[in-house]
Amino acid sequence: MSKITAWDKVQLARELDRPKALDYINSLFEEFIELHGDRCFGDDKSIVGGIATLEGKPVTVIGEQKGKNVKENMERNFGMPEPEGYRKALRLMKQAEKFKRPIITFIDTPGAYPGMGAEERGQGEAIARNLMEMSRIKVPIICIVIGEGSSGGALAIGVGDRVVMLENAVYSILSPEGFASILYKDSSKAKEAAENMKLTANDLKKLGIIDKIIKEPENGAQNDFETVINDIKKYLVQNIKKLEELTEKKLIEQRYEKFRNM
Amino acid sequence: MIIDKVKKLNGEEAVRTKNESASDRMIGKWVKCDNCKEIIYKEDFHKNLSVCPNCGKHFRLSARRRIKQIADEGTFKEIGGDILTKDPLHFEGYLKKVEMLKEKTKIEEAVKCGTCEIEGQKAVLGVMDGNFLMGSMGSAVGERITLAIETAIKKKLPLIMFCVSGGARMQEGIVSLMQMAKTSSAIAKLNEEGLLYISVFTDPTTGGVTASFASLGDIILAEPKALIGFAGPRVIEQTIKQKLPDGFQRSEFLLEHGFIDKIVERKDMKETLAKLIRLHIKKLR
């Protein structure tokens, strides 16, 4: 197999038939009850969340949901959340804290939606609040980048005790197109940008931004989804167990130090 | 045309550096307001806190001038001034650009933090500087701000942050993004200690700074007509394919939508901050 470039990975991470958050949720957990709404304004379909069981243990799950075709993508706003999505996510995380359920998040977004309504309803405030609150939630949080992790829109559900990436997922400050248009004044230089951004799982592991890479079969997770699911499940079970052995104080301290050192 | 007149008045070449941009045209001893086109004697302009005496436009301030306006004379002691730019992506030309900027702006990074007194009351003050890569937040900015927050926690002092920023710094990639989590986590810690945090939005504050510590103040102030948002206006216009209405994402708009507490003119800023700090000291007794 020839070497896969960073740009190849960007393409793989964006593939329409790549598994999306709900595919992971429905395969990893025995039960899943979806919960809706932010209790302020609405229900953002680009973020899904609810309660599930992981080998019989109740957990709270949250994911950025893209579609697999145009119709689904229209419904999910291409996985670009508005403030309501982030506020729903926070509501569910606070609920998890109350009932002492670990939290698992699935990151897959081109970024927070840059629209008028999103700005009017405080996109910046919603993301900021999640970052602040997630850093102090007293239950284990594991975040998995499954596809595209772009900008503050990804980080807003990404402050966890463990941050994990699938082998072909990407995680970056902005999409390569956005990056190229800002730094090279030319969005068509996205390919060149991708090679320089250090956005692959390998790069991010080396930089100390992520804790673990989950291997994928050739050409992406969809080609042997069962193996990928088993690997993720094993990782989740092991790490939730380890994290639950810590006192709440220690858990929060470690999470603080993790991001403090970046 | 007016500029030519001013040139004649001064009898010297027009000096216009990139930092000043179109909003702050310095022509010898004179300044032209890009809002009302009034020509102002530079000394009067600075005496008026870099606010146009004619139309009230608040021009962008360097960190140095801002600190002078807010901190009692001689009380500012810098924290983290030795923390300098890093280049985690080994991004071509980045460090060279930073060196050039340092030379030109005489500042080392896009934020200056320190302890100071405001009307005799001790506080930690952080001031961003838009002249340095648009006040963008990379690892040095994030680290300096986090250190400032941790100093406030250690010394039990109120924290005041003046924000101006284009967002997370692209040249440092994902490391810049992580500064959002780092600074916001530090604010969470400050909150648990029951300490006051006042955030002040100034023109312009966008992106990753709006989406982290800037939006997390117990009290959030803004200067008049400052541009404040997550996505920049150009990105929104490209997305929705229409022009944004006048005043969209300005301080007054945010006040109306419930995202800031108060708009404060520059001439009243120090007094307002001092008053707020005093009110919180009384509460502690």
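The values are calculated or read from the model by the stated rules, or taken from the named source; none is laboratory data. Keep in mind that what you see is a predicted model, and the values were worked out from it rather than measured. Glycine also receives a Cβ, built like all others from the backbone with ideal geometry; neighbour counts cover every protein chain displayed. Each accessible area value is taken on the protein alone, full model and side chains, heavy atoms only, with ligands, DNA and RNA left out. Shrake-Rupley method; radii C 1.70, N 1.55, O 1.52, S 1.80 Å.
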Item to check | Leading residue at positive end of dipole, the stretch A:1-62 (Cβ point charges), from A:L12, A:P58, A:I47 | outcome: A:L12
Checklist outcome for this item: Residue-normalised value, i.e. accessible area per residue, for the protein assembly as shown at 1.4 Å probe, in Å², stands at 43
Next on the checklist: Compute the distance from the alpha-carbon center of the stretch A:92-116 to that of the stretch A:4-43, in whole Å.
Outcome noted: 12
Checklist outcome for this item: For A:V163, B:V235, the accessible-area ranking with a 1.4 Å probe, largest leading, is B:V235, A:V163
Checklist outcome for this item: Connecting every pair of Cα atoms under 10 Å apart in chain B and solving the GNM, the largest mean-square fluctuation among B:F45, B:F132, B:F162 falls on B:F45
Checklist outcome for this item: From the cross-link list A:K66/B:K243; B:K155/B:K270; A:K45/B:K243; A:K20/A:K258, the entries with a Cα-Cα span beyond 25 Å are A:K66/B:K243; A:K45/B:K243; A:K20/A:K258
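How many Å² of accessible surface get buried when B and A come together, counting both sides, probe radius 1.4 Å, rounded to the nearest 100?
On the way: alone 15160 and 12400 Å², together 23740 Å².
For B against A, buried area totals roughly 3800 Å².
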Checklist outcome for this item: Partner shielding of A:170-182, as the mean number of partner chain Cβ atoms within 10 Å, equals 3
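Determine the order of A:I33, A:I62, A:I182 by accessible area, beginning with the largest, at a probe radius of 1.4 Å. Please list the in-between numbers first.
Numbers: A:I33 105, A:I62 0, A:I182 75 Å².
Output order, biggest surface exposure first: A:I33, A:I182, A:I62.
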Item to check | Antiparallel %, DSSP beta bridges [both residues in chain B], to 5 | outcome: 50
Checklist outcome for this item: Of B:69-78, A:202-211, ordering from highest average Cβ density within 10 Å down gives A:202-211, B:69-78
Checklist entry - Does chain A come out rounded, prolate or oblate by the C-alpha gyration tensor, with a ≥ b ≥ c the root eigenvalues, rounded set by a/c under 1.5 and, if not, prolate when a/b is larger than b/c and oblate if not? => result rounded
Checklist entry - Under the definition of partner shielding as Cβ atoms of other protein chains within 10 Å of a residue Cβ, what is the mean value for peptide A:130-138? => result 6
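Just the number: Rg to Rh for the stretch A:100-211, Cα atoms, Kirkwood Rh, two decimals.
Working: Rg = 14.8 Å, Rh = 14.8 Å.
Checking Rg against Rh, the ratio lands at 1.00.
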Checklist entry - Protein chains only, probe 1.4 Å: how do A:M134, B:M100 rank by accessible area, largest first? => result B:M100, A:M134
Checklist entry - What base-10 log of the normalised intensity I(q)/I(0) is obtained for the protein assembly as shown from the Debye formula, alpha carbons as equal point scatterers, at q = 0.10 Å⁻¹? => result -0.81
Checklist entry - Among rounded, prolate and oblate, which fits the stretch A:51-96 when a ≥ b ≥ c are the square roots of the eigenvalues of its C-alpha gyration tensor, a/c under 1.5 means rounded, and a/b larger than b/c means prolate? => result oblate
Next on the checklist: Tell me the net charge near B:F162. Cut-off is 10 Å between Cβ atoms, B:F162 excluded, with +1 for each Lys or Arg and -1 for each Asp or Glu.
Outcome noted: 0
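How would you classify the stretch A:156-262 from its alpha-carbon gyration tensor, with a ≥ b ≥ c the square roots of the eigenvalues: rounded for a/c under 1.5, else prolate if a/b is greater than b/c, otherwise oblate?
Values: a/c = 3.26, a/b = 1.42, b/c = 2.30.
Oblate is the answer for the stretch A:156-262, as a/c is 1.5 or above yet b/c matches or exceeds a/b.
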Checklist outcome for this item: the stretch A:1-40 scanned against label point 7 Å out from A:E218 along Cα→C-beta; backbone N under 14 Å for A:1-4
Checklist entry - Based on the mean of other beta carbon atoms within 10 Å per residue, what is the order of B:150-161, A:169-180, most packed first? => result A:169-180, B:150-161
Checklist entry - Restricting to the protein assembly as shown, what percent of DSSP beta bridges are antiparallel, rounded to 5? => result 45
Checklist entry - Can you give the charge dipole size of the stretch A:210-262 about its Cα centre, rounded to the nearest 20 debye, using +1 on the beta carbon of Lys and Arg and -1 on the beta carbon of Asp and Glu? => result 340
Checklist entry - Which order, highest average first, do B:175-187, A:241-253 follow once you tally other Cβ atoms within 10 Å for each residue and take the mean per peptide? => result B:175-187, A:241-253
Next on the checklist: Suppose R0 equals 41 Å. What FRET efficiency, 1/(1 + (r/R0)^6) with r the Cβ-Cβ distance, do B:K225 and B:L95 give to the nearest 0.05?
Outcome noted: 0.70
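Return the average number of partner chain Cβ atoms within 10 angstrom of each residue Cβ along peptide B:161-173. Before the final figure, lay out the partial values.
Working: counts 0, 0, 0, 0, 0, 1, 6, 5, 1, 9, 5, 2, 14.
So the per-residue partner count for this stretch is 3.
What is the sum of charges, Lys and Arg at +1 and Asp and Glu at -1, for the other residues whose Cβ falls under 12 Å from the Cβ of B:H257? Before the final figure, lay out each step's value.
On the way: positive: A:R121, B:R250; negative: A:E119, A:E120, A:E125, B:E252, B:E256.
Residues close to B:H257 contribute a combined charge of -3.
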Checklist outcome for this item: Using alpha carbon centers only, the stretch A:226-244 is separated from the stretch B:110-181 by a whole-angstrom value of 38
Checklist outcome for this item: On the accessible surface of chain A, probed at 1.4 Å with all protein chains in place, carbon and sulfur together account for a percent value of 50
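Counting other Cβ atoms within 10 Å, keep those with at most 11, restrict to DSSP loop, and tell me which GluC sites (Glu not before Pro) in the stretch A:11-104 are left. List each step's numbers first, then the result.
On the way: sites: A:E15, A:E30, A:E31, A:E34, A:E55, A:E64, A:E72, A:E75, A:E84, A:E97; in loops: A:E15, A:E30, A:E31, A:E55.
Counting only loop positions with at most 11 other Cβ atoms within 10 Å, the GluC sites (Glu not before Pro) in the stretch A:11-104 are A:E30, A:E31.
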Checklist outcome for this item: Expected vector for the stretch A:61-71, Karplus 3J(HN,Hα) from phi with 6.51, -1.76, 1.60 and θ = phi - 60°, integer Hz, x for Gly and Pro, equals 10, 9, x, 7, 10, 9, x, 10, 8, 4, 4
Checklist entry - When averaged across all projection directions, what area in nm² does the alpha-carbon convex hull of the stretch A:66-159 cover? => result 5.8
Item to check | Cys with no candidate disulfide partner in the protein assembly as shown (beta-carbon separation under 4.7 Å rule) | outcome: A:C40, A:C143, B:C113, B:C116, B:C163
Checklist entry - What fraction of the DSSP beta bridges in the stretch B:165-285 is antiparallel, stated in percent and rounded to the nearest 5? => result 10
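Would you mind computing Rg(Cα) / (2.2 N^0.38 Å) for the stretch B:140-264, counting N as its residues? Numbers along the way, then the final one.
Numbers: Rg = 15.0 Å, N = 125, 2.2 N^0.38 = 13.8 Å.
Cα-based Rg divided by the globular estimate yields 1.09.
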